[in-house]
1. For a quick check of your reading of the filter: which trypsin sites (Lys or Arg not before Pro) in the stretch 79-146 sit in a DSSP loop and have no more than 10 other Cβ atoms within 10 Å?
2. Quick one: putting +1 on the C-beta of Lys and Arg, -1 on the C-beta of Asp and Glu, what dipole do you get for the stretch 55-143 around its Cα centre, in Debye to the nearest 20?
3. Go through the stretch 57-65 residue by residue and turn each phi into a ³J(HN,Hα) via Karplus (6.51, -1.76, 1.60, θ = phi - 60°); whole Hz please, and just put x for glycine and proline.
4. Among the listed pairs 23/230; 46/142; 107/142; 31/164; 31/186; 61/142, which are separated by more than 20 Å between their Cα atoms?
5. For the stretch 55-143, place one equal point scatterer on every Cα, skip the solvent, and apply the Debye formula. What is log10 of I(q)/I(0) at q = 0.20 Å⁻¹?
6. Report the gain in length on full extension from residue 53 to residue 65: 0.36 nm times residue separation, minus Cα-Cα distance, nm rounded to one decimal.
7. Can you give me the C-alpha center-to-center distance between the stretch 177-192 and the stretch 194-221, rounded to a whole angstrom?
8. Give me 215, 27 ranked fewest to most by other Cβ atoms within 10 Å of their Cβ, as a rough exposure proxy.
Amino acid sequence: MNKLLLLTGVLLCVLSTSCIPHKDIVYLQNKNTATDSTQVMVEQQKPYRVQINDILNVRVKALDQESVSILNPAGEENLKANGAERAYFDGFTIDVHGNIRIPTLGKINVLGYTTEEIEQLIEQQLLDEQFKATANIFVTVKLAGLSYTASGEIGSPGTQIIFKDRVTIFEAVANSGEIPLTGNKKEVQIIRQYPQGQQIHVLDLTDIEVLNSPYYYIQPNDIIYVKPVKQKTWGVGTTGRETLQTVVTVLGLITTTILLINR
């Protein structure tokens with residue numbers, strides 16, 4: 001009887017400590033207010049300022065489109081390229097000095113500028129050097145896709161490119177195959193590049209307050225790292241069912257071993 005109670009106690013302890021709690025796998029929980037889940041979230045994203053190795057797509061339009069055709073590369077070198085490849089061939093890569101090299105304009109330093117500021121910079125230089133105001137020059141500058149890398153405990157690790165101006169951490173995670181039960185949603189790390197070096201920021205995706213985080217929107221070249229939960233390293237299962245099956249199997253082996261020894 002005592003042995004049965006001991007085994008039952010051990011079984012309950014293992015089940016209670018090895019299973020992943022429900023509150024650790026649910027996104028956007030309202031942890032501060034028990035009943036009201038409606039909150040006004042304040043926009044925290046600052047305009048992105050371009051960095052070295054970013055690729056920019058620059059397009060110039062005018063009344064006489066033929067006069068600006070040289071400024072609009074069409075990727076003739078690799079016509080079969082598409083998506084990220086096309087952006088690479090057609091785009092302007094920011095070099096280690098922060099410059100892009102544009103036909104007829106030469107090198108322009110754009111490091112630390114927003115895309116809107118780069119548009120104004122190129123447009124003004126064209127008007128100063130080559131065109132009159134009556135040419136109606138119109139310049140658009142966009143990042144050639146938002147590239148990021150997801151690693152660790154995530155569905156599809158690797159580098160991804162999303163062709164949008166703004167991407168949330170949830171969009172990035174979903175695009176990388178989601179975080180499985182064995183991934184720690186409460187401590188998702190974003191490794192971000194700054195002019196002075198890299199910094200690590202931590203997000204709790206289970207807390208609705210993450211919507212107010214200045215790191216809720218990812219930036220180009222971010223690395224998203226998801227740690228495994230402790231239960232994975234224990235190897236007894238992540239759900240109650242898996243844990244029970246593991247414990248029953250182990251207890252069965254122990255019981256069989258004891259019976260064989262006592263014979």
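1. Details: sites: 80, 86, 101, 107, 132, 142; in loops: 80, 132.
Taking the stretch 79-146 and a limit of 10 other Cβ atoms within 10 Å, the loop trypsin sites (Lys or Arg not before Pro) found are 80, 132.
2. Values: 8 positive and 13 negative charges, 27 e Å.
Here the size comes out at about 120 debye.
3. Going residue by residue, I get 9, 10, 10, 10, 10, 7, 4, 9, 5 Hz, with x marking Gly and Pro.
4. Numbers: 23/230 15 Å; 46/142 16 Å; 107/142 18 Å; 31/164 31 Å; 31/186 13 Å; 61/142 15 Å.
Listed pairs above 20 Å: 31/164.
5. -0.98
6. Details: separation 12, 0.36 × 12 = 4.32 nm, distance 2.94 nm.
Extending this stretch completely gives an extra 1.4 nm.
7. Answer, in whole Å: 12.
8. Values: 215 18, 27 13.
With the fewest neighbours first, 215, 27 line up as 27, 215.
Laboratory data are not the source of any read-out in this text; all were calculated from the coordinates shown. Since the model is a prediction, treat every value here as computed from it, not as a measurement. Cβ atoms come from the backbone with ideal geometry, glycine included; neighbour counts cover every protein chain shown.
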